[in-house]
Amino acid sequence: MLIVAQLSDFHVCRPNQTAYGGVDTNAMFKQAVTAVLKMDPQPDCVIVSGDLTDCGLDEEYELVLSGLGALPMPVFVIPGNHDRRKSFVRVLSKRYPYLPPTGFVQYTDDRFPVRIIALDSVDEGETGGRFCTERQAWLRDQLARGGGKPTLVMIHHPPFPVAVDGMDILGLRDALAFAEIIREHPEVERVVCGHYHRPITVRFAGTVGFAVPSSAHQVALDLRPGHENRFIMEPPAFAVHTWRPDSGIVTHLVPTGDYGRPFDVVLSPEYPGLVTDA
Ligand SMILES: [Fe+2]
Ligand SMILES: [Fe+2]
């Protein structure tokens, strides 16, 4: 079985700083890394779907680098709208040499039974994402080289509507072109995203689209038309995508934080649920 842990939206700040007037994103980032390290078995790799820092500063990336450095398995990172490509690559390529030195921060990893295609949807200075013709051509080419091997595509900005107005105005602008490319490749088992700071699952372009919660603050679910996003301190979480030939990708959500130890399922003999009508 292949196990892929997906972390997202750390929004790491400079040392001893918090985000949005008091969210201790740095401590919560450490908590997420610790949660992955506690997994048994350990994931084969970790993917990180953008917004690693809050402001795209070198100092922030140094903290990200030392935090992620605790993970012994391969780690695949992409930028989000809060990141800055130059600083992202300058600092993180010290540990992740697969990061392209210039241009879009995107790449494919083919070492596992599931290919991982990591995309750059950043439109610097904008909150929403872009998937310009250059990036479209790149994705087409990468998918064409896969030979039908099961594939997971990671992109920060969700390329699908989620029926939340506050989110849908911040998604991927070139989503139709993106969907057309994905639809031609049924081997794409998942399109996994960050950015919305909530768990969301949709049917999308013949596959499954998924957005993972943040390791820090979440966005409150607000289905009222026209309403803007607000934050809420719902439990942070990460996703665990498992893959086996017989099941394909199965996605689990794991809250981070202290919820005690697992305990055995023990029923007392008097448990009323054991009594049948017969
Ligand atoms: Fe974010
Ligand atoms: Fe974002």
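Numbers for the structure displayed
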| item | result |
| --- | --- |
| Top-ranked residue of region 228-250 - restricted to ones that are of a type in the set (G, A, S) and more than 16 Å from T34 (Cα to Cα), ranked as most open to solvent (accessible area, probe 1.4 Å) | S247 |
| Answer from T18, T53, T34 - the residue that is under 18 Å from the mean Cα position of the chain (by Cα), away from ligand 2 (no atom under 16 Å from the Cβ) and of a type outside the set (G, A, S) | T34 |
| Filtered residues of region 50-74 (kept if hydrophobic (A, V, I, L, M, F, W, C) and buried (at least 21 other Cβ atoms within 10 Å of the Cβ)) | L52, L63, V64, L68 |
| Within region 17-41, considering residues that are touching a helix residue (DSSP H, G or I) at 6+ places or on another chain (Cβ under 8 Å) and among the polar types (S, T, N, Q), the one nearest to I249 (Cα to Cα) | N26 |
| Count of residues meeting criterion [farther than 22 Å from I200 by Cα and within 16 Å of ligand 1 (Cβ to nearest atom)] in region 120-174 | 4 |
| Filter result for A179 (open to solvent by less than 50 Å² (accessible area, probe 1.4 Å) and touching a Cys at 6+ places or on another chain (Cβ under 7 Å)) | no |
| Within region 251-278, considering residues that are among the hydrophobic types (A, V, I, L, M, F, W, C) and assigned to a loop (DSSP other than H, G, I, E, B), the one surrounded by the fewest Cβ atoms within 10 Å (Cβ to Cβ) | A278 |
| Index of the failed condition, R85 passing every other in (1) within 16 Å of ligand 2 (Cβ to nearest atom); (2) surrounded by fewer than 18 Cβ atoms within 10 Å (Cβ to Cβ) | (2) |
| Filter result (of a type in the set (A, V, I, L, M), under 23 Å from V46 (Cβ atoms) and open to solvent by less than 20 Å² (accessible area, probe 1.4 Å)) within region 183-205 | V188, V191, V192 |
| In region 8-48, the residues that are farther than 21 Å from I78 by Cα and part of a strand (DSSP E or B) | V23 |
| Those residues of region 112-137 which are within 16 Å of ligand 2 (Cβ to nearest atom), of a type outside the set (S, T, N, Q) and open to solvent by 10 Å² or more (accessible area, probe 1.4 Å), in sequence order | D123, E124, G125, E126, G128, R130 |
| Qualifying residue in region 42-49 (condition: in contact with a Phe, Trp or Tyr (Cβ under 7 Å, 6 or more places away or on another chain), surrounded by fewer than 21 Cβ atoms within 10 Å (Cβ to Cβ), of a type in the set (D, E) and closer than 26 Å to S121 by Cα) | yes |
| Qualifying positions in region 175-204 - in contact with a His (Cβ under 9 Å, 6 or more places away or on another chain) and either more than 16 Å from ligand 1 (Cβ to nearest atom) or in a strand (DSSP E or B) (or both) | A175, E189, R190, V192, C193 |
| Residues located in region 143-160, provided they are within 16 Å of ligand 2 (Cβ to nearest atom) and more than 20 Å from G248 (Cβ to Cβ) | H156, H157, P158, P159 |
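The values are calculated or read from the model by the stated rules, or taken from the named source; none is laboratory data. If you're wondering where the values come from, they're calculated on a predicted model, not measured in any experiment. Glycine also receives a Cβ, built like all others from the backbone with ideal geometry; neighbour counts cover every protein chain displayed. Accessible surface is based on the protein model in full, side chains and every heavy atom, while ligands, DNA and RNA are left aside. Shrake-Rupley method; radii C 1.70, N 1.55, O 1.52, S 1.80 Å.
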